[in-house]
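All of the numbers you see were taken from the coordinates with simple rules; none came from a lab. Keep in mind that this is a model prediction, so the values were computed, not measured. Don't worry about glycine lacking a Cβ; one is built from the backbone with ideal geometry, like all the others, and counts go over all protein chains shown.
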């Protein structure tokens, strides 16, 4: 049985050397190359065609997400396993979206790393528990519609005018409505956005790209 061919991408020499030593002790793995930056990783991956790429996210030139996308666009058979110190929601989501099949933190135990390498080579996902929690939270949040999704077109128009600093009278004149009608709309908007005043509604509109 041929060994799993691994390429290591990390900007810290001690990490690269440590991983090489660790994997050299296991006959089922073969380190076929190492890279200290994204540009070198792109060139090397094309040359050595590894089965699995252990990829750090923080590199001195391109980041690990960009390198992952680029490598997989040219070599769809390669598998990328992220090995990093960061597990923020956005990083985990971006890594998986870029095509990484696994996401581990650098505090992982040797046995878990070896298992993840095997799983990655076989096309099976491998996520650090913390990364898994972040990913699940991202998925859960993405399935929950934002509060402003319940606004009608008219209410959305009024919210934008509120964010623009317009008074009820000015909004009424702009939209050819009575001031009383605008007041009713504003009350409904505050309820739907779960805010207590116009200032909070304006801040919500800015934060969620409604203006």
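Observations on the model:
- Here r is the Cβ-Cβ distance between residue 154 and residue 203 and R0 is 30 Å; the resulting FRET efficiency, rounded to 0.05, is 0.90.
- Distance between the pseudo-spin-label points of residue 106 and residue 188 (7 Å out from Cα toward the beta carbon): 5.5 nm.
- Taking Cα atoms only, the orientation of helix 38-48 departs from the longest principal axis of the chain by about 50 degrees.
- The packing ranking, built from the mean of other Cβ atoms within 10 Å per residue, places the peptides 102-111, 1-10 in the order 1-10, 102-111, highest first.
- Approximate spin-label separation residue 164-residue 13, in nm, with each point projected 7 Å along Cα-to-Cβ: 6.0
- With Cα atoms, 0 to 90° folded angle of helix 13-24 axis to the chain main axis: 60
- Calculated FRET value between residue 62 and residue 124, using beta carbons and R₀ = 30 Å, to 0.05: 0.65
- CD proxy at 222 nm, helix term only [per DSSP H run n ≥ 4: -39500 (n - 2.57); per residue of the chain; nearest 500]: -16500 deg cm²/dmol
- Separation of the residue 73 and residue 48 label points, Cα + 7 Å toward Cβ, nm: 2.3
- Residues 80, 32 arranged by fewest to most Cβ contacts within 10 Å: 32, 80
- Choice from 34, 174, 120 with maximal GNM fluctuation in the chain (Cα, 10 Å cutoff): 174
- Once the Cα atoms are used to define both axes, helix 89-98 deviates from the longest principal axis of the chain by about 60 degrees.
- The Cα center of segment 63-116 and the Cα center of segment 153-211 differ in position by 44 Å.
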